[in-house]
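Peer 1: Structure in structure tokens, see below.
The values are calculated or read from the model by the stated rules, or taken from the named source; none is laboratory data. Keep in mind that what you see is a predicted model, and the values were worked out from it rather than measured. Cβ placement follows ideal geometry from the backbone for every residue including glycine, while neighbour counts extend to all protein chains displayed. Heads up: the accessible areas ignore ligands, DNA and RNA and are worked out on the full protein's heavy atoms, side chains in. Shrake-Rupley method; radii C 1.70, N 1.55, O 1.52, S 1.80 Å.
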Amino acid sequence: CRAARVSWPRSPGPMISSPHQGSFKALIRKEAWERFGGRPEERYRVGQAVRIRGVIGWYQGDPAIFVTTPEQIEVDQRPAAEVAGASLR
């Protein structure tokens, strides 16, 4: 499993990939934002390496994890250059 990168599409919330279709996504729906202390983009940055935990389901034909709590997201604190290509266990 590799580190994923955070990106911010318009809807339904942060995803770990862009473009919108054809890849795995981690979605934070608006109704869960309060648990994150507000908008997720205030907590996570584009390009940040993260590990997402949850049950894989489907969103618009693509595999996705619907993130409902901040505990499901682990931010990799290593420098970006070190994370690139590194495997997470």
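Peer 1: Mind listing whichever residues of segment 52-62 are assigned to a strand (DSSP E or B) and either among the aromatic types (Phe, Trp, Tyr) or closer than 14 Å to Ile28 by Cα (or both)?
Peer 2: Result: Ile52, Ile56, Gly57, Trp58, Tyr59.
Peer 1: Continuing with the same structure: Give the number of residues within segment 42-72 that are more than 12 Å from the chain's Cα centre (by Cα) and among the basic types (Lys, Arg).
Peer 2: So the answer is 0.
Peer 1: Which pairs do you get when a residue that is at pLDDT below 70, found in segment 67-89, comes within reach of a residue that is open to solvent by less than 80 Å² (accessible area, probe 1.4 Å), reach meaning Cβ atoms under 6 angstrom, with the pair 6+ apart or on two chains?
Peer 2: Once the first residue is at pLDDT below 70 and sits in segment 67-89, its partners that are open to solvent by less than 80 Å² (accessible area, probe 1.4 Å) give Val83/Ala3; Val83/Ala49; Val83/Asp76; Leu88/Ala3; Leu88/Arg51.
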